[in-house]
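S.K.: Below you'll find the structure I mean.
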Amino acid sequence: MQFILALPRLKKQIIAMAVDAVCLPLTFILAIWLRYDGFDSNLFFHYFWLIAGAPLLSIPIFIRLGLYRAVIRYIDQKIISIVVIGVTLSVLSLAFIGVMTHIMALSRAVFGIYWAGAILYVGASRLLARAYLVGVDRNDDAIAIAIYGAGKAGVQLATALRSSDEFVCVAFIDDNKNMQGSSIAGIKVNAPEKLQELIRQFDIKEVLLAMPSISKARQKQVLDQLEQYKLRIKVTPSINSLVNGELRVQDIRDVEIEDLLGRDAVEPDARLMSNCIAGKSVMVTGAGGSIGSELCRQILRQKPAHLILLEMSEFALYSIEQELSSLRLALSLSCEITPFLCNIHDVAKLDKIFKTYHVNTVYHAAAYKHVPLVEHNPIEGIRNNVFGTLQLAQAAIAAQVNHFVLISTDKAVRPTNVMGATKRLAELILQACSRRQDTTRFCMVRFGNVLGSSGSVVPLFRKQIMQGGPITLTHPEITRYFMTIPEAAQLVLQAGGMGEGGDVFVLDMGEPVRIIDLARRMVHLCGLEVKSETSPGGTIEIQHVGLRPGEKLYEELLIGDNVEKTNHPLIMRAQEAEIAWDVLQQQLHKLDTACIAFNHEQVRDLLKELVVEYEPQCGIEDFLFQSDRMPVSVAEAAELTK
């Protein structure tokens, strides 16, 4: 048999035709024998030409239908329809020849029995050959997996896995009681309660979740249920992704953090999405960043007349400009895209861009946002996040821009770090700018961590797990809000469309997540165990390295309780304290002077005055190692922290 398997494909096809040329006449003889309860020489000579003609008619028909082109090891149930059609055509041809040649005493039952027998022989021979070849090819080291979901996606996945020597599907799992106990593609459907028993019986290592049409909330329930088994869990893409109706092994992906959150996306309001964009000139600052780039993608789909990209990083600007140009072609849009290498401190260039391109809407996403870096570089953080925002806002007012949307952060609420304080001060600046004029409508959108952004903890954890650990966690009680980048960008655009002037919009981030629980779940869903006192044999250790400078245990989205609902279920409007422009302008002048003089003590005091909720967490070491500060002695640092 191995000799035949090693033959060229053409020779294998010739062997298949030769076998059919022998077996089809034998099938016809069997049909005669069954009809007449025996077979003698008279019957043989009577039906000779039909017996000899069976392969001569059938094989050309099979060739035409592509039966011999099919690769046996990869055939599926579709082969049955080809066999039925081919055999039916050959039997009708035989019967037609018999009638036309006036062979006497032809029995219609013979043709009926032959038709059924030929279908059984041709179909069964191919399926048995496939079963043998799959068994020969099967890797003894293949990973035993179970498929959760015995619907269409699960069946497609099981079929696709047959061609893989890396996995072998040993069981289906499904909640539907009507399906439990049945067999699909030779694989039994089991209740979820039997999974532990199946793990012991088949040594199952992975579970593939094949329910692409269920909600995120339901998917989270299933993942919660599976976590206890410490199996590696993978999922299929959403039903919208399976546009071709075929599920491939390559489509299977690891569990992502958004799967664990269980948040179902709310369909965006098309009117709000396009309100500040459609047919207008739109600018995005920080266009190459994680939030800025997604804003650009979403904005382009709303068909602006002109999209202007501002970015300091040459590579980031090049990457997003190339991506947007490709997207524009794919969507057949006429929008013009103009990239600018520009720092928001370049006031003259900003004025020129605003007035030349008649900018209608600005989405300000440019900011320094990494808490420890800004904590060690406070003056640069203030220059960029505070004075950069001020200069951009003043340029927008001078150019009579209609809408200005600031991307803010939950770290602006009762900040304990410089980054949060600068973002809160930026909010106060835009509120003050909104009150002193009525040309430009300013609004701020505040939300928490976005998944996949630069510095996100999720990719770090995944990398550490793949390296065998340890996972580094700052504190066992630390919690954070999470949202996907596309969802955050959509909500930002919708919030901007409902701004009335000076609004602070807060996005509904769902429930906060304990980071240590997130880390444990990521370990468990990779099929591993966390090493601890109760599980000393675990493979992944979680180490607590202490809070970073300025880091909080808990993040908040509101300073007070004064919040009102909007027309969007995931967007709220906060009513918070403001500072009059006259007072704010004087304080900002003092802050600018202190920054120029590198007077960190005064900078910190002025930040505390402007952002009354700011409670800095600075010690002597923080002042010693600030990179934008002149060298100081330990004694001077001690004085500054008094």
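The values are calculated or read from the model by the stated rules, or taken from the named source; none is laboratory data. Since we're looking at a predicted model, the values are computed, not measured. For neighbour counting, all protein chains shown are included, and Cβ atoms are generated from backbone atoms with ideal geometry for every residue, glycine included.
S.K.: Among the residues of segment 590-610, are any within 19 Å of GLY502 (Cα to Cα) and modelled with pLDDT of 85 or more?
M.R.: Checking segment 590-610: at least one residue is within 19 Å of GLY502 (Cα to Cα) and modelled with pLDDT of 85 or more.
S.K.: So in segment 110-147, with the set limited to residues that are among the basic types (Lys, Arg) and surrounded by 14 or more Cβ atoms within 10 Å (Cβ to Cβ), which one is modelled with the highest pLDDT?
M.R.: ARG126
S.K.: Also: Please tell me if THR472 is of a type in the set (Ser, Thr, Tyr) and either at pLDDT 80 or above or out of contact with any strand residue (DSSP E or B) (no Cβ under 6 Å at 6 or more places or on another chain) (or both).
M.R.: yes
S.K.: Kindly list the number of the only condition in (1) at pLDDT 85 or above; (2) among the small types (Gly, Ala, Ser); (3) surrounded by fewer than 16 Cβ atoms within 10 Å (Cβ to Cβ) that fails for GLY619.
M.R.: (1)
S.K.: Could you identify the single residue in GLY537, GLY550, GLY502 that is modelled with pLDDT under 80 and either under 18 Å from HIS370 (Cβ atoms) or surrounded by 15 or more Cβ atoms within 10 Å (Cβ to Cβ) (or both)?
M.R.: Answer to the check: GLY550.
S.K.: Return the residues of segment 382-413 that are part of a loop (DSSP other than H, G, I, E, B) and either buried (at least 20 other Cβ atoms within 10 Å of the Cβ) or hydroxyl-bearing (Ser, Thr, Tyr) (or both); say none if nothing qualifies.
M.R.: Scanning segment 382-413 gives ALA399, VAL401, SER408, THR409, VAL413.
S.K.: Regarding PHE482, is this residue buried (at least 21 other Cβ atoms within 10 Å of the Cβ) and within 18 Å of VAL255 (Cβ to Cβ)?
M.R.: Answer is yes for this residue.
S.K.: In segment 299-381, which helices (runs of 4 or more DSSP H) lie fully inside it and hold 1 or more residues that are more than 19 Å from ALA488 (Cβ to Cβ) and touching a strand residue (DSSP E or B) at 6+ places or on another chain (Cβ under 6 Å)?
M.R.: Values: elements: 314-331, 347-357, 371-376.
It comes to 314-331, 347-357.
S.K.: Among residues belonging to segment 171-208 that are part of a strand (DSSP E or B), at pLDDT 85 or above and among the aliphatic types (A, V, I, L, M), point out the one that is surrounded by the fewest Cβ atoms within 10 Å (Cβ to Cβ).
M.R.: Checked segment 171-208; the qualifying residue surrounded by the fewest Cβ atoms within 10 Å (Cβ to Cβ) is VAL189.
S.K.: Now for a separate question. Which one of these does MET466 not meet: (1) more than 16 Å from SER293 (Cβ to Cβ); (2) at pLDDT 85 or above; (3) among the aliphatic types (A, V, I, L, M)?
M.R.: With (1) more than 16 Å from SER293 (Cβ to Cβ); (2) at pLDDT 85 or above; (3) among the aliphatic types (A, V, I, L, M) applied to MET466, the lone miss is (2).
S.K.: Return the residues of segment 432-448 that are more than 28 Å from GLU511 (Cα to Cα) and either surrounded by fewer than 24 Cβ atoms within 10 Å (Cβ to Cβ) or among the acidic types (Asp, Glu) (or both); say none if nothing qualifies.
M.R.: Within segment 432-448, ALA432, CYS433, ARG435, ARG436, GLN437, ASP438, THR439, THR440, ARG441 qualify.
S.K.: May I pose another question? Among the helices (runs of 4 or more DSSP H) lying completely within segment 1-98, list those that include at least 3 residues that are modelled with pLDDT under 90 and under 30 Å from THR159 (Cβ atoms).
M.R.: Of the helices (runs of 4 or more DSSP H) lying wholly inside segment 1-98, those with at least 3 residues that are modelled with pLDDT under 90 and under 30 Å from THR159 (Cβ atoms) span 2-5, 9-36, 48-65.
S.K.: Take ALA396 and decide whether it is in contact (Cβ under 8 Å) with a residue 24 or more places away in the chain and more than 21 Å from GLY501 (Cβ to Cβ).
M.R.: On the way: in contact (Cβ under 8 Å) with a residue 24 or more places away in the chain: yes; more than 21 Å from GLY501 (Cβ to Cβ): no.
No; evaluated as a whole, the condition is false for this residue.
S.K.: If I go through segment 414-426 residue by residue, how many of them are buried (at least 24 other Cβ atoms within 10 Å of the Cβ) and of a type in the set (D, E, K, R)?
M.R.: Result for segment 414-426: 2.
S.K.: Take the residues in segment 172-193 that are within 30 Å of the chain's Cα centre (by Cα) and charged (D, E, K, R), then tell me which one is farthest from LYS152 (Cα to Cα).
M.R.: Taking the candidates together, the pick is GLU193.
S.K.: Confirm whether ASN377 is without any contact (Cβ under 8 Å) to a residue 60 or more places away in the chain, closer than 20 Å to ASP592 by Cα and among the polar types (S, T, N, Q).
M.R.: no
S.K.: Further question: Could you pull out the residue among SER326, SER293 that is without any contact (Cβ under 8 Å) to a residue 12 or more places away in the chain, at negative phi and of a type outside the set (Val, Ile, Thr)?
M.R.: SER326
Rundown of residues vs (1) at pLDDT 90 or above; (2) under 32 Å from the mean Cα position of the chain (by Cα); (3) aliphatic (A, V, I, L, M), yes/no style:
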residue	(1), (2), (3)
PHE387	yes, no, no
LEU392	yes, no, yes
LEU406	yes, yes, yes
THR409	no, yes, no
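S.K.: What helices (runs of 4 or more DSSP H) lie completely within segment 454-532 and have 1 or more residues being within 22 Å of LEU226 (Cα to Cα) and without any contact (Cβ under 8 Å) to a residue 40 or more places away in the chain?
M.R.: It comes to 457-466, 515-524.
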